[in-house]
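Structure, as C-alpha cells:
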C-alpha cells in the first residue's frame, strides 16, 4: 500500500477498494459449490515434525460466510471513499482495512485451529490499530460523555485508550482459546477440522479425563472475547471512538462475527464426536445462557444510550447474543439443524442491516457534527434518503414482519421452543422475548430521536451559523441504500432464503461431520411468530408514544416513577460492570504496584540495597583495622624481634679467634657435663 501511495492518493484509494472487490468476486465464484453442497479442501505440509498442515477448506459454511464478508467489506470500502475524504494518514487506514478483511478471510477458509489462530490474532491487531486511528486523542473524538463517572470511574475514553482496552480484553479470550486448542491437540494429535470430524477417539479421551467440557468452554472463551459477549463485552461500546467505517466493518463483516463463525465451525464437530449427546450438552447450555444473558444485558443499555453509535454498539452485542443463543440451543435439541440455521440466518441478516445502520449513522454524524441523538431531531426532511434507508434497517433490527430480521429472529425463537428441558425452555424463551421487546423499543427510539420531532437547539444554532445540514454524498449513501434494498429483498423472500441456507448447511453437516439431516420443510411456529409481532407492537408502541408521536415526555414519566429513574441510571452506568472492572483490574493493579513499591521495593529491597553496602563498608573497615593492627602489627613485631636478636647476636661476632676457641671449649665441657 505505501508503494502504491507514491503514485497518488486517488490511485491508492481505488487500489484498496479494488482489492476488496476482487476478493468479493472470487468468493462469489465459489457459490455454486455451496449451492451443490460440495467442498474444496487443499493442504500443504507446514510443520513436518508435528505433522501440521496448512490448508484451504471451502465448504458451504465458509463460502457463505466469505461472501458476506467480501461484499459487505466492499460496500464499506466504497463508503470510506466519501466518509474518510480529507483525513490524514489514509495510507495507514487503507492498509489496515485490507489487512483486517484479509485476516477475517483467513479465519473463514482455514482448515485447522492453528492456522485460524493466526487470522484470529490478525483481526485483533487491526481492530486495535483502527479503533485508535484518530490517535491525537482530541476531545471531539472521545466516546462517552466527558466528565461523567460511575463509582468514580470515567465513562468517556480517548481513541487510543479504547483501542488498548479492546486489545487487552480480547487477549483474555485469546489466551483461553489458545489453552483450549493446545489441550485439544495434546489429546487428538491434530488441529485439523476434517481429521477431528473423522476421528472421535480424542473426544472419548477428553471425556474420560473430565476435560471435554472445559476444553470446549476454553475454546468458546475466544468467541466470548472477539464477539464481545458477557463478561468480556465492555470493550465494544468504547470501540466507537474509531471512524464509523471501522465500526461498520467490525460489527458487520469482521471481528465480532469471527466468534460466531468459530462456534458455527466447532459446534458440529463436538456434538458428533461424542457417543452420547448428553455428554456435551452442558457446553451448549453454557453457550446458550451466555448468549441470552448478553442479549438482555446489552439491550437494556441500548434503551437509555444517548450516543447514536453506542446504541448500535449495544445492539450488536445483544444481537450477537441472540446468535450464540441459537447455536447453543441447537445442541440442546434433537433438531440440531434448526438452531444452527437460525443462528447463521441471523448472522447474515444482522450483517446486512447493521452495516447499513452504521454507515447511515456515520453520514448523520458527518452532517450534524455531533454524536448525541439529543442534539438531533427533525432530520427526515433534511436527509430523506438516509431517513428511509435507516428506518428500513432499524425496522429489520426491531423485527418488523416482511423484513429480514423478522424471519431470522423468529427462527431463533422457534428453535428455543424445541428445547426438551422445560425449565431451560421457559427461561431462555422469556429472556429472548423480553429482549425482543427492548430491541423494538430502542430501534424506534433511535429513529424518533434522530429524524422526528423538532430540530434541537444545537441543530438550530448550527444552521443559524451558516452550516446547513444536507444529504450525504452519493459515495456515502449508495452503499447503505443498496443494503436497505437487500434487507427488504431478504424479508420478502425470507422462507426461500432460510430454505437455501438450510439445504446448503445441511450438506455441510452431512458430509463434514456425518450428521443426518432431515429434508427441509418450511413451517411457521405460531407461538414464535406471535411473540415476534407482539414484541414489535409493545416496544415500538412505547417508542412511538415517547419519541415519534411525542404524545408523552419520557423525562416526565421517568421523574414520576422513581424505579424507572434508578433503572435508567443503572443502565446508563453500564450495570457498573465497566466500573467494577476498572476498580478491580486497573485500579487494583495500580494499588498493588504502589503497595509493592512502598513495602517491598522501598521497604525491603531498597533497604537491602543500603544494608548490604553499609555492611560491606563496615566489614572492609574492620578488615582494614585487623590487617593494620593484627596482620601488619604481627609482621612488624616479628621484624623488630629479628632485628633485636640480630643486633644482640651480632655483638657476639667480635672477630677475635681466642674468644671463639674459648667459647667453643666451654661448650664442649658443658656438653660433657650434661651427657655425663
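The values are calculated or read from the model by the stated rules, or taken from the named source; none is laboratory data. It should be emphasised that the depicted structure is a prediction, and the values quoted were computed from it without experimental measurement. Here the Cβ is made from the backbone with ideal geometry for all residues, glycine too, and neighbour counts use every protein chain on show.
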Exercise. Could you pull out the residue among 117, 95 that is under 19 Å from the mean Cα position of the chain (by Cα), surrounded by fewer than 23 Cβ atoms within 10 Å (Cβ to Cβ) and either under 17 Å from residue 62 (Cα atoms) or outside the structural domain of residue 247 (by TED's automatic domain parsing) (or both)?
Key: 117
Practice problem: Pick out, from the range 145-210, the helices (runs of 4 or more DSSP H) lying fully within it that include 1 or more residues that are closer than 13 Å to residue 238 by Cβ and touching a residue at least 24 places away in the same chain (Cβ under 8 Å). | Solution: 159-188
Exercise. Please tell me if residue 137 is outside any helix (DSSP H, G or I) and either crowded, with 18+ Cβ neighbours inside 10 Å or touching a residue at least 12 places away in the same chain (Cβ under 8 Å) (or both).
Key: yes
Quiz prompt | The listed residue being surrounded by 24 or more Cβ atoms within 10 Å (Cβ to Cβ) and under 18 Å from residue 261 (Cα atoms), out of 230, 220 | solution = 220
Quiz item: Got a sec? Which helices (runs of 4 or more DSSP H) wholly within the range 465-564 have at least 3 residues that are modelled with pLDDT of 95 or more?
Solution: 474-492, 526-543
Quiz item: In the range 549-600, which residue that is in contact with a helix residue (DSSP H, G or I) (Cβ under 6 Å, 6 or more places away or on another chain) and more than 28 Å from residue 294 (Cβ to Cβ) is surrounded by the most Cβ atoms within 10 Å (Cβ to Cβ)?
Solution: 552
Quiz item: Can you spot a residue in the range 163-176 that is in contact with a strand residue (DSSP E or B) (Cβ under 8 Å, 6 or more places away or on another chain) and under 18 Å from residue 571 (Cα atoms)?
Solution: no
Quiz prompt | Given (1) in contact with a strand residue (DSSP E or B) (Cβ under 9 Å, 6 or more places away or on another chain); (2) under 22 Å from residue 357 (Cβ atoms), index of the condition residue 112 fails | solution = (2)
Quiz item: When only residues in the range 23-37 that are touching a strand residue (DSSP E or B) at 6+ places or on another chain (Cβ under 9 Å) and modelled with pLDDT under 95 count, which is nearest to residue 347 (Cα to Cα)?
Solution: 34
Quiz item: With respect to the numbered conditions (1) more than 30 Å from residue 87 (Cα to Cα); (2) loosely packed, with under 12 Cβ neighbours inside 10 Å; (3) over 30 Å from the mean Cα position of the chain (by Cα), which one is the sole condition not fulfilled by residue 37?
Solution: (2)
